[in-house]
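Asks: After the structure tokens below, expect a handful of questions from me.
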Amino acid sequence: MDACQFFLLRHQDVHSDATQLFLTGITDEQMRCCPVKGINSIAWIVWHMARAEDIAVNVFVGSRPQLFFEEPWAERLNIPYPDFGVGMTTEEVADLSDRVNLDALRAYWAAVGDRTQAIVEKLRPQDLDEENTPAYIRQVVEMDGMFREAGMWGEGYWAELPDRSKGYFLAYLGHTHNWVHYGEGMATRTLLGLPGPG
């Protein structure tokens, strides 16, 4: 098993597990609820995961536009901004949780996952060593509006990473980031009084 095959295996798991536990079998009200002030809703968590993966895998691994811009996802989701929530206030998280179209969110999560699988299936392991230059990262951040003002520290963080390879962005924002927020979503489920996986 090479690195790309390993990624696809674990990526499929996090997408199917998140779909089962966060997007089906719970009510819309539960998805939108921030159970404690400062705790993100499940809707926000899934939106954030999907946006980060869309950005990282399409732009920094696949060298292509985000799915978010190729199709009218902003309109479908009822989310008028293109960033992925870094620096959002508690009030902004609550507003997104209330406004997001949940059927569109389910569809977007599935579409992002399918696109990631399609991109990685065409990669060779050696492709993962290709570097994203700091200039390219900064250009994309500005052009795509990836960070709101309160989260602009993220631009410098990404541009100054010691490893800016396709493999890094794929492993970080296509894999590790999703599992971290999967854990956050499980904590939110617990605070909502929902059972864990059976």
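Asks: When segment 109-147 is examined, which residues are found to be in a loop (DSSP other than H, G, I, E, B), touching an Asp or Glu at 6+ places or on another chain (Cβ under 8 Å) and more than 26 Å from A18 (Cα to Cα)? Before you say what the answer is, go through the steps one by one.
Replies: Start the filter on segment 109-147 by keeping residues that are in a loop (DSSP other than H, G, I, E, B), which leaves 122-124, 130, 132-133, 145-147.
Checking the rest, the ones that are also touching an Asp or Glu at 6+ places or on another chain (Cβ under 8 Å) come to 145-147.
G145, the sole residue that qualifies.
Asks: Just the residues that are crowded, with 16+ Cβ neighbours inside 10 Å, out of contact with any Cys (no Cβ under 9 Å at 6 or more places or on another chain) and over 19 Å from L173 (Cβ atoms), please, taken from segment 5-42.
Replies: Once the filter is applied, which keeps residues that are crowded, with 16+ Cβ neighbours inside 10 Å, out of contact with any Cys (no Cβ under 9 Å at 6 or more places or on another chain) and over 19 Å from L173 (Cβ atoms), segment 5-42 yields L21, L23, Q30, M31, R32, C33, C34, P35, I39.
Asks: Turning to a different aspect of this structure: Restricting to segment 152-185, what's the tally of residues that are acidic (D, E) and part of a helix (DSSP H, G or I)?
Replies: 2
Asks: Taking L191 and the conditions (1) in contact with a helix residue (DSSP H, G or I) (Cβ under 6 Å, 6 or more places away or on another chain); (2) farther than 30 Å from M1 by Cβ; (3) at pLDDT 90 or above, which numbered condition does it fall short on, given that it satisfies the others?
Replies: So L191 meets the others, but not (1).
Asks: Ok, one more. Mind listing whichever residues of segment 25-46 are touching a residue at least 60 places away in the same chain (Cβ under 8 Å) and either over 19 Å from the mean Cα position of the chain (by Cα) or part of a loop (DSSP other than H, G, I, E, B) (or both)?
Replies: I26, D28, Q30, C33, C34, P35, V36, I39, N40, S41
Asks: May I ask you to list pairs of residues, at least six apart or on different chains, whose Cβ atoms are under 7 Å apart, with the first in segment 4-21 being within 15 Å of M186 (Cβ to Cβ) and the second being modelled with pLDDT under 90?
Replies: Between residues of segment 4-21 that are within 15 Å of M186 (Cβ to Cβ) and residues that are modelled with pLDDT under 90, the close pairs are L21/P197.
Asks: Name the single residue that is surrounded by the fewest Cβ atoms within 10 Å (Cβ to Cβ) among those in segment 82-106 being of a type in the set (G, A, S) and more than 16 Å from C33 (Cα to Cα). Write out each step before concluding.
Replies: Residues of segment 82-106 of a type in the set (G, A, S): 85, 87, 94, 97, 104.
From what's left, more than 16 Å from C33 (Cα to Cα): 85, 87, 104.
Numbers: G85: 20, G87: 14, A104: 19.
Top of the filtered list is G87.
Asks: From Q126, Q139, which residue is farther than 27 Å from Q12 by Cα, free of Cβ contacts under 8 Å to residues at least 40 places away in the same chain and exposed (fewer than 13 other Cβ atoms within 10 Å of the Cβ)? First the steps, then the outcome.
Replies: Working: Q126 fails: farther than 27 Å from Q12 by Cα.
Matching residue, one of Q126, Q139: Q139.
Asks: So, in segment 67-108, exactly how many residues are assigned to a loop (DSSP other than H, G, I, E, B), closer than 20 Å to V57 by Cβ and small (G, A, S)?
Replies: Residues in segment 67-108 being assigned to a loop (DSSP other than H, G, I, E, B), closer than 20 Å to V57 by Cβ and small (G, A, S): 1 in total.
Asks: Let me ask you something else. So is E184 touching a Phe, Trp or Tyr at 6+ places or on another chain (Cβ under 7 Å) and within 20 Å of R51 (Cβ to Cβ) or not?
Replies: no
Asks: Given the criteria within 30 Å of A135 (Cβ to Cβ) and not aliphatic (A, V, I, L, M), does G62 qualify?
Replies: Values: within 30 Å of A135 (Cβ to Cβ): yes; not aliphatic (A, V, I, L, M): yes.
Against the criterion (within 30 Å of A135 (Cβ to Cβ) and not aliphatic (A, V, I, L, M)), G62 qualifies.
Asks: Could you say whether any residue in segment 182-189 is closer than 25 Å to E131 by Cα, free of Cβ contacts under 8 Å to residues at least 60 places away in the same chain and surrounded by fewer than 18 Cβ atoms within 10 Å (Cβ to Cβ)?
Replies: Looking for residues that are closer than 25 Å to E131 by Cα, free of Cβ contacts under 8 Å to residues at least 60 places away in the same chain and surrounded by fewer than 18 Cβ atoms within 10 Å (Cβ to Cβ), one finds none in segment 182-189, hence no.
The values are calculated or read from the model by the stated rules, or taken from the named source; none is laboratory data. As the structure is a computational prediction, the values presented were derived from the model and not from experiment. Here Cβ is always computed from backbone atoms with ideal geometry, including for glycine, and neighbour counts include all displayed protein chains.
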